[in-house]
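Notes for the one structure printed next.
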Amino acid sequence: MNGLLKKIALYLVLTITAFVVFFPILYAFLISFMTGGELLQGNLFSKSFHLENYQKAFERLPLAHYLMNSFIISLSVMIGQLVVSSMAAYAFVFIPFKGRDAIFFLFISTMMIPWEATMIPNFITIQQLDWINTYQGLTIPFFAMAFGTFLLRQHFKTIPKELDEAAQVAGISRFKFFVKIVVPYCKNSLITLGAYSFLTTWNMYLWPLLVTNNDSVRTVQIGLKQLRTQELATDWGVVMAGVVVVIIPTLVLLFIGQKYLQKGLAQGALK
Amino acid sequence: MKDSLEMEQPILTDQPLSWWKKSLNIRTACLYLLPSFFLFAVFLFYPMAKTVYLSFFLTDQQGIANVFVGLENYQYLLQSESFRKSIKATILFVLYTVPTGVMIALALALLTNEKVKGIGIFRTMYASTMGVSVAASSVVWLFLFHPSIGFFNKIITAIGGESVSWLLDPSWALVSISVTTIWMNIGFSFLILLGGLQNIDEQLYESAKIDGASYLYKLRRITIPMLSPTLFFVLTVSLINAFQTFGQVDILTQGGPSESTNVIVYSIYREAFVNYQFGTASAQSVFLFLCILIVTIMQFKFGEKKVHYQ
């Protein structure tokens, strides 16, 4: 009896808190289907289900184009970070050389430099390279990542040393060992890191704001800012439709990758 | 990528290893570390040094250093009313968001660490805010805070209260932004803390169960100590994130009203890219860097001792 009561109480608390946490997302969904009139009345549910707001959102902004840009940029950064960090992590784990610890410490110390403190010179660099409004300006500065190297290093370390020695005796090259053994063995960490970098890049705001000044490579996040300024106080349904379009890809990614992120990021945090 | 072992020719002589052969490892390592190093050098170390350099100069609109002014930019900042407000806003923001955010995430993680049916759905819902970008969250909360048709004021007026101008009132604006931020960060902190909880050895609880320990006792004696490294990590990340806040301020208040939400990164952005004062903006950036440096060092110095590692 006591156990049952406890269970009911637990579910009650879970349901209420889940509702509170999820409410803003739900609210955005609900409003995106509403007409302006319904909104002003303060209804929570739309009487009729209509997609006009979505149509308008895509008409007023090149939203499809922005989505495409965000996909290209997030994918590029994801691949770039995976390649660059896994190479560095490989060197830190499998290649013994003098000063390895010192160099690793240097890597870790980069985490103490807030990216925002470097943005002014970075902006000037991008300008001088003529990379304003280009994909490379939005992606390449983010390819190197200390956190990613750190996370992968933890996992690479769990590969038995004997495997590496055996591979060397058998004359398997380092690069082959890296690609054929290390990468498949650490698939989970790579997926975790990949999902994480895709998410963070998709959500990036300040840098795209600085280095884009036309629509060519602008991302959806900046699109939201534009929508917000255009539609202020008028057509909130359209704005929310834009929000829903922007958050769906990352929500889906999160739902799929949640297990990986939960395990992988916590591991990276610890050891 | 060229392969170093394959390139190497077998050495058949009995002579001691040549320098070339001995340095094989370091050369290979360099090859693997080169991309990271190059990128860090160009986009992190160089600009950090350049920021410090620029902070001693007056610059033109392109950000070219013109006149050396020594510490004048710093002196100017320390005397500037606006910068003082910015520091105050940043500190208050950190105090409002970090402890509350971590506590809420911890509570949710503890709740969903129970093994009951359907728990996966709840976990997904709590984690969901991680999938919502800063810009998207800010726009949704902008509407929730809307003075006339926003959800909060609708509720307040429905129960007979007086509507609050959340984002337009200097005494409410920072609180509103903090609430938004706490919500945005729940997902990430929750996910990490849940992962940490699941890494705790089941057997510790089994033996406590035999002893008939209460939930609170187990929480205090097992869960929290075992979770402390994760908590420590989440705390550090939240603190650093709080110092780096930008998007929600840009969308919700643009630093206003009367600079009450002009947190440091927003202030740097305004100074550099709206007012084109790269010198003073760089001085502020140096300040930001020092803040984060101090936070990180302090956390590692004091936090590390109290943290229990498995």
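The values are calculated or read from the model by the stated rules, or taken from the named source; none is laboratory data. Predicted model only: the values in this text are computed from it and were never measured. Heads up, the Cβs are rebuilt from the backbone with ideal geometry, glycines too, and the neighbour counts pull from every protein chain shown. Note: areas computed on protein heavy atoms with side chains; ligands, DNA, RNA excluded. Shrake-Rupley method; radii C 1.70, N 1.55, O 1.52, S 1.80 Å.
Quick notes
- The H on the amide N of B:Phe57, modeled in the peptide plane, is under 5 Å from the matching H of B:Val69, each at least 5 residues off or on a different chain.
- Each peptide in B:39-49, A:80-90 was scored by the mean count of other Cβ atoms within 10 Å over its residues; highest first, the order is A:80-90, B:39-49.
- Within the accessible area of the stretch A:109-182, the carbon and sulfur atoms contribute 62%, probe 1.4 Å, all protein chains present.
- Portion, in percent, of the accessible area of chain B that falls on carbon or sulfur, probe 1.4 Å: 65
- Only Cα pairs under 8 Å and 6+ residues apart enter the sum, and on that basis the relative contact order of chain A stands at 32 percent.
- The stretch B:80-306 shape via C-alpha gyration tensor axes, a/c threshold 1.5: oblate
- Listed by chain and number, the lysines whose C-alpha is less than 21 Å from the C-alpha of B:Lys21, apart from same-chain residues fewer than 8 away, are A:Lys98, A:Lys176, B:Lys2.
- Ranking of B:Arg220, B:Arg27 by solvent-accessible surface, largest first: B:Arg220, B:Arg27 (1.4 Å probe, protein heavy atoms only, all chains present).
- Gyration tensor analysis over the Cα atoms of the protein assembly as shown returns equivalent ellipsoid semi-axes of 41, 33, 24 Å (largest first, whole Å).
- Mean residue ellipticity, 222 nm, helices only, the protein assembly as shown: the sum of -39500 (n - 2.57) across DSSP H runs of n ≥ 4, divided by residue count and rounded to 500, is -21500 deg cm²/dmol.
- Peptide ranges A:12-25, B:243-256 listed from the most packed, as the mean C-beta count within 10 angstrom indicates: B:243-256, A:12-25
- Threshold 50 Å², the stretch A:241-262 residues less accessible with all protein chains present than alone (1.4 Å probe): A:Leu254, A:Gln258, A:Gln262
- Inter-chain Cβ neighbour average for residues A:10-21, partner chain, 10 Å: 5
- Screening chain B for DSSP H helices whose Cα atoms reach 27 Å or more along their own axis and whose mean Kyte hydropathy is at least 0.5 gives B:81-111, B:170-198, B:224-243, B:278-298.
- Rg over Rh [alpha-carbon atoms, Kirkwood Rh] for chain A: 1.07
- Highest average packing first - B:149-158, B:188-197, A:65-74, Cβ atoms within 10 Å: B:188-197, A:65-74, B:149-158
- Using a probe of 1.4 angstrom and keeping all protein chains present, the accessible surface of the protein assembly as shown works out to 46 square angstrom per residue.
- Crossing angle, helix A:119-128 versus chain A [Cα axis fit, 0-90 degrees, rounded to tens]: 80
- Short-range pairs are left out: with C-alpha atoms under 8 Å and at least six residues apart, the relative contact order of chain B is 26 percent.
- Area hidden from solvent between B and A (accessible, protein heavy atoms only, 1.4 Å, total, Å²): 8300
- Links that overshoot a 18 Å alpha carbon limit, given the list B:Lys88/B:Lys301; A:Lys157/A:Lys180; B:Lys50/B:Lys88; A:Lys161/A:Lys263: B:Lys88/B:Lys301; B:Lys50/B:Lys88; A:Lys161/A:Lys263
- Peptide B:242-252 - average C-beta neighbours from other chains (10 Å radius): 3
- The mean count of C-beta atoms from other chains within 10 Å of the C-beta of residues in B:152-158, rounded to a whole number, is 1.
- Helix A:2-32 axis, angle to chain A major axis (alpha carbon atoms, nearest 10°): 70
- Dimensionless Rg/Rh of the stretch B:23-109 - Kirkwood Rh, Rg from C-alpha atoms: 1.21
- Against the criterion of solvent-accessible heavy-atom surface with a 1.4 angstrom probe, B:Tyr126, A:Tyr11 sort, most first, into A:Tyr11, B:Tyr126.
- Of interest is the spacing of the C-alpha centroids, which for the stretch B:34-55 and the stretch B:160-227 amounts to 37 Å.
- Dimensionless Rg/Rh of the stretch A:156-222 - Kirkwood Rh, Rg from C-alpha atoms: 1.29
- The stretch A:8-126: C-alpha gyration tensor shape, a/c 1.5 cut-off, then a/b vs b/c: prolate
- Crossing angle, helix A:63-94 versus chain A [Cα axis fit, 0-90 degrees, rounded to tens]: 20
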